[in-house]
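Working notes, beginning with the structure itself.
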């Protein structure tokens, strides 16, 4: 079979990304002042800045901002955030309409904090995420020749009294067009179908992601999760459900534990028939997942674990 053609656009994108990193880090002070001036100009109508005296001729002036606007805590602006959450659409903290709230984990104080954000901010977050692989590929070779078995999940979302979505930052990104409609990129090929990542049932999502990774184990070059805790959870889940997962791969069918229709369809396309190579597979552990286990029970060629 002829070798799959390289993605020329991907390599050009990597070159531009590395040039961008070099530029913004070599001229950090100049870039930060320019970005601050842009932020202030965009938010010139914000009530919060006017309260601090940043209006009129001082709008867009970084030095005036540094003198007039103090460092604050979440509690200091909680009342403003509450107004936005309850439906006040006036320019309170931003001159641009608030598109949604990003939520904190709640681990610091026991209660999730609401962080207002705008639509353009998602573009900037996507740019930041896109810089990861260009840097990694400078030090880890052949990351464009296999797939990543990443455990990615969405979490629950809610709406504020004013109707705005409130959800974790990664849930916002995974459900955005930047992720769902992403172009082909050999450096970011996942074993998990998008339907598995977007499944709100964490049990079905984990089962499907593990099953798809095991079914494609010969293509896996890296494994990981955004948070180390999710990776540990995946290992424990695998140890507990290994016989059932193996049976699914042997038979080429999906256990009825997965009931989400779109998820079942996506996983069944990947299974694509029985895999008799797993007929003698033994129970795995963390070592067996990431190396030394052979093609039937682990990923011996996996070079990196990402968290």
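Key figures
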| read-out | value |
| --- | --- |
| Subset of segment 146-188 [more than 22 Å from residue 134 (Cα to Cα), without any contact (Cβ under 8 Å) to a residue 40 or more places away in the chain and crowded, with 18+ Cβ neighbours inside 10 Å] | 171 |
| Number of the condition not met by residue 182 [criteria: (1) assigned to a loop (DSSP other than H, G, I, E, B); (2) within 15 Å of the chain's Cα centre (by Cα); (3) over 18 Å from residue 12 (Cα atoms)] | (3) |
| Among (1) out of contact with any strand residue (DSSP E or B) (no Cβ under 7 Å at 6 or more places or on another chain); (2) surrounded by 15 or more Cβ atoms within 10 Å (Cβ to Cβ); (3) over 21 Å from residue 122 (Cα atoms), the one test that residue 141 misses | (2) |
| Candidates 284, 274 - the one that is in contact with a helix residue (DSSP H, G or I) (Cβ under 7 Å, 6 or more places away or on another chain), at pLDDT below 70 and outside any helix (DSSP H, G or I) | 284 |
| Selection count where residues are loosely packed, with under 14 Cβ neighbours inside 10 Å and in contact (Cβ under 8 Å) with a residue 12 or more places away in the chain, scope segment 71-87 | 3 |
| Output for segment 231-267, where each listed residue is closer than 16 Å to residue 195 by Cβ, surrounded by 14 or more Cβ atoms within 10 Å (Cβ to Cβ) and under 26 Å from the mean Cα position of the chain (by Cα) | 258, 260, 263, 264, 266, 267 |
| Segment 46-70: number of residues that are assigned to a loop (DSSP other than H, G, I, E, B) and touching a residue at least 40 places away in the same chain (Cβ under 8 Å) | 1 |
| Matching residues, segment 1-45, being in a helix (DSSP H, G or I), modelled with pLDDT under 90 and in contact with a helix residue (DSSP H, G or I) (Cβ under 7 Å, 6 or more places away or on another chain) | 10 |
| Residue identified as assigned to a loop (DSSP other than H, G, I, E, B) and either in the same structural domain as residue 11 (by TED's automatic domain parsing) or under 24 Å from residue 192 (Cα atoms) (or both) among 97, 161, 141 | 141 |
| Some residue of segment 193-216 being in a strand (DSSP E or B) and either touching a strand residue (DSSP E or B) at 6+ places or on another chain (Cβ under 8 Å) or crowded, with 18+ Cβ neighbours inside 10 Å (or both) | no |
| Some residue of segment 119-132 being without any contact (Cβ under 8 Å) to a residue 60 or more places away in the chain and assigned to a loop (DSSP other than H, G, I, E, B) | no |
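The values are calculated or read from the model by the stated rules, or taken from the named source; none is laboratory data. These numbers were taken from a predicted model, which means no experiment stands behind them. Neighbour counts are summed over all protein chains in view; Cβ atoms, including those assigned to glycine, are modelled from backbone coordinates with ideal geometry.
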